[in-house]
Amino acid sequence: TSQYEYILTSRPADGVALITLNRPKALNALCTPLFDELNKALSDFDADDSVRAMVLTGSDRAFAAGADIKEMKDKEYAEVYKGKFLESWTLLSSLRKPIIAAVSGYALGGGCELALMCDIILASPTAVFGQPEINIGVIPGGGGTQRLARVIGKSRTMELTLTGRNFSAAEAAVWGLVSRVVGPGQGEVITQAVDMASIIASKSAIAVQAGKEAVNVAYESTLNEGLRFERRLFHSLFATKDQKEGMAAFVEKRAPNWTHS
Ligand code: CAA
């Protein structure tokens, strides 16, 4: 299915879609045409009922080396402000379906931010994360200062943003940025990400969507508001066929037959 120039798409398992960033000569630098293609693939898969989980990956050497510096270097303020430069990147964070980042090699600047917009991050031991924007006279512009601060705390985020130093997969794991390090290379991290996506795809899609929505509220509300939101969403699932089916199947000691409704 190659309607694309900068990405590849495939369906590696039932209910699972895989998107591979494919701009090897530029280490998957996220130029605007690449992001337009990524957004198209993401919205198509999000709207496709046969897809229930997605995996996003790059190459063995680079998940993505950031926004495209060659594209940005001559831009002026009026152009980026009026044109809402990078605003299209936010589509990923509005997806209903879960997306797992399988990170190998460089995930720098916008590449790190792209991984942070995914729901789960798996990394190979070779993964190198960082927000090096300070080294080119700017700061992160794709959510790095905000999302990193929420995930790894202020002191580390401040250090990384202001020094521009890279950090390893091992550090990312200790800090809770990635849920797991799997090696030795990209092949294994993709395999495990697809396996995880398959498990998610085997659940009720409506419950999965609610679970994702509820966890995301934890980053945007007080604890009390979040707990209330979770409980209301939990209540709402009692209006679904899958709640009846799931609980009946448990009692009847059989596997559930989800209708995703
Ligand atoms: N933009 C454009 N081109 C890039 C790029 C980027 N972010 N990263 C790498 N490339 C290109 C290089 O220019 C080079 O192209 P040429 O062969 O035409 O010169 C090619 O990819 C290979 O890169 P290197 O030769 O530099 O490879 P290396 O192995 O020596 O170094 C690297 C790898 C350390 C990742 C280095 O390429 C690098 O530092 N890249 C830039 C990382 C960066 O600063 N990212 C942040 C960008 S700003 C941003 O993302 C803003 C935001 O918050 C949204």
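The values are calculated or read from the model by the stated rules, or taken from the named source; none is laboratory data. Predicted model only: the values in this text are computed from it and were never measured. Cβ coordinates were reconstructed from backbone atoms using ideal geometry, including for glycine residues, and neighbour counts include every protein chain displayed. We work out accessible area using only protein heavy atoms, side chains counted, and drop any ligands, DNA or RNA first. Shrake-Rupley method; radii C 1.70, N 1.55, O 1.52, S 1.80 Å.
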Checklist line | Inter-probe distance in nm under a simple model that places probes 7 Å from Cα toward Cβ, at Glu171 and Ile136 | finding: 2.0
Margin query: Give me the percent relative contact order of the chain, please, defined on Cα pairs under 8 angstrom at least 6 residues apart.
Written below: 17
Check: To the nearest 10 degrees, how steep is helix 223-236 against the longest Cα principal axis of the chain, on a 0 to 90 scale?
Finding: 40
Item checked: Charged-residue dipole, Cβ positions (Lys, Arg, Asp, Glu), the chain about Cα centre, Debye nearest 20 -> 540
Check: Just going by the charge dipole of the chain, with Lys and Arg at +1 and Asp and Glu at -1 on Cβ, which of Leu177, Ser94, Leu237 is farthest out on the positive end?
Finding: Leu237
Item checked: Approximate spin-label separation Glu213-Ser50, in nm, with each point projected 7 Å along Cα-to-Cβ -> 2.6
Check: How far is helix 205-217 tilted, in degrees, relative to the longest principal axis of the Cα atoms in the chain, given as a value from 0 to 90 rounded to the nearest 10?
Finding: 50
Check: So what's the angle, to the nearest 10 degrees on a 0 to 90 scale, between helix 241-251 and the longest Cα principal axis of the chain?
Finding: 60
Notebook entry, point to check: Hey, how many Å between the Cα centroid of the range 237-261 and the Cα centroid of the range 65-110?
Noted result: 40
Check: Taking square-rooted eigenvalues a ≥ b ≥ c of the alpha carbon gyration tensor, is the range 162-261 rounded, prolate or oblate, where a/c under 1.5 means rounded and, failing that, a/b exceeding b/c means prolate?
Finding: oblate
Margin query: Before I look further, what does the chain give for accessible area per residue, probe 1.4 Å, in whole square angstrom?
Written below: 52
Next item on the list: Determine, for the chain, the count of lysine pairs separated by eight or more sequence positions (or lying on different chains) whose alpha-carbon distance falls under 16 Å.
Entry: 9
Checklist line | Percent of beta bridges antiparallel (DSSP, the chain, rounded to nearest 5) | finding: 30
Note to self: Please list, by residue number, everything in the range 92-108 whose backbone N is under 16 Å from a paramagnetic label point 7 Å out along Cα→Cβ of Ser43.
What the structure shows: 92-97
Notebook entry, point to check: With r defined as the distance between the Cβ atoms of Asn224 and Glu71 and R0 fixed at 45 Å, what FRET efficiency is calculated, to the nearest 0.05?
Noted result: 0.55
